Amino acid sequence: MSRIGKMPIAVPAGVKVNISGGDVTVTGPKGELKRNFGSDMSIALDEGTLKVTRPGDAREHRAMHGLTRTLLANMVEGVTKGFTKDLEIVGVGYKAEKAGNNIVLRVGFSHAVDIVPLPGISLGLEGVNKIKVSGIDKETVGQMAAKIRSVKPPDSYKGKGIRYSGEEVHLKAGKTGKAAGGGQ
């Protein structure tokens, strides 16, 4: 039995869960999320808890059991608390500016890069070098953060670029001078 899949999901007060076949709709204070889980996994709402059960021990069912439970838990957490990802811009002269809902990045290119948020995502700035990506869908928040990071990933020699908050960038050693006693 899947350790993650068999854990029940507590549904807090103020969150409504509607299950119809494989379609699940979760509505909460921050918004509404819908997802189709297919008909193999059975999802049941019982006294404020969601439970996921699998029909058998087939390889497919075992693989989908924990995934289905985790996706449901993320939906419930998203409509109650929401998700955020923080990014940092590192580099001399590198900065971000707010332009309406969009963010304009100036990260060493000859032109500014305009970032348009995906639907359901809000972009915020803290100073000129910290970007906050927030929304109710964990998958979309991660996708938007990855899209922003891909504009200028951290350089492996100087560490300049856009990175996740707390991301550790391992710097490579640069060129070394002529070795002492080396060739001519």
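No lab work stands behind these numbers, since they all come straight from the coordinates. Because the structure is predicted, anything quoted here is derived from the model rather than measured. We place every Cβ from the backbone using ideal geometry, glycine too, and count neighbours over all the protein chains shown.
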Rg to Rh quotient for region 3-130, alpha carbon positions, Kirkwood Rh | 1.15
Return a whole-number percent for the relative contact order of region 83-164, with Cα pairs under 8 Å and 6 or more residues apart as the contact set.
-> 36 percent
Which angle between 0 and 90 degrees, to the nearest 10, do you get for helix 59-80 versus the longest principal axis of the chain when only C-alpha atoms count?
-> 80 degrees
Take every Cα pair under 8 Å in the chain that's 6+ residues apart, average their separations, divide by the length, and report that relative contact order as a whole percent.
-> 17 percent
Out of residues 5 or more away from residue 11 or on other chains, whose amide H comes under 5 Å of its own, with H placed 1.01 Å from N in the peptide plane?
-> 49, 50
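Over region 9-80, what is the relative contact order in percent, taking alpha-carbon pairs closer than 8 angstrom and at least six residues apart?
Details: 112 pairs, mean separation 23.4, N = 72.
In percent, rounded to a whole number, it is 33.
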What are the lysines whose alpha-carbon lies under 16 Å from the alpha-carbon of residue 158, with same-chain residues fewer than 8 places away excluded?
-> 172, 175
How much mean residue ellipticity at 222 nm does the chain get from its helices, if each DSSP H run of length 4 or more adds -39500 (n - 2.57) and you divide by all residues, to the nearest 500 deg cm²/dmol?
-> -6000 deg cm²/dmol
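Could you list, in their original order, any pairs among 34/95; 6/152; 30/51; 16/98; 34/152 whose Cα atoms are separated by more than 31 Å?
Details: 34/95 36 Å; 6/152 41 Å; 30/51 23 Å; 16/98 35 Å; 34/152 33 Å.
In this structure, 34/95; 6/152; 16/98; 34/152 exceed 31 Å between Cα atoms.
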Cα radius of gyration and Dmax for region 9-80 (Å) = 11.9, 38
Which ³J(HN,Hα) values in Hz, rounded to whole numbers, follow from the phi angles of region 16-25 under the Karplus curve 6.51 cos²θ - 1.76 cosθ + 1.60, where θ = phi - 60° and Gly and Pro get x?
-> 10, 10, 10, 10, 9, x, x, 8, 10, 10
Read phi for every residue in region 101-110 and hand back ³J(HN,Hα) as whole Hz from Karplus 6.51 cos²θ - 1.76 cosθ + 1.60, θ = phi - 60°, with x for Gly and Pro.
-> 8, 7, 10, 10, 9, 10, 10, x, 8, 6
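Quick one: grab the alpha carbon gyration tensor of region 60-174, order the square roots of its eigenvalues as a ≥ b ≥ c, and give me rounded if a/c is under 1.5, else prolate or oblate depending on whether a/b is larger than b/c.
Numbers: a/c = 2.70, a/b = 1.56, b/c = 1.73.
Judged from the Cα gyration tensor, region 60-174 comes out oblate (a/c at least 1.5, b/c at or above a/b).
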Radius 12 Å from Cβ of residue 37, net charge of other residues (Lys, Arg +1; Asp, Glu -1) = +2
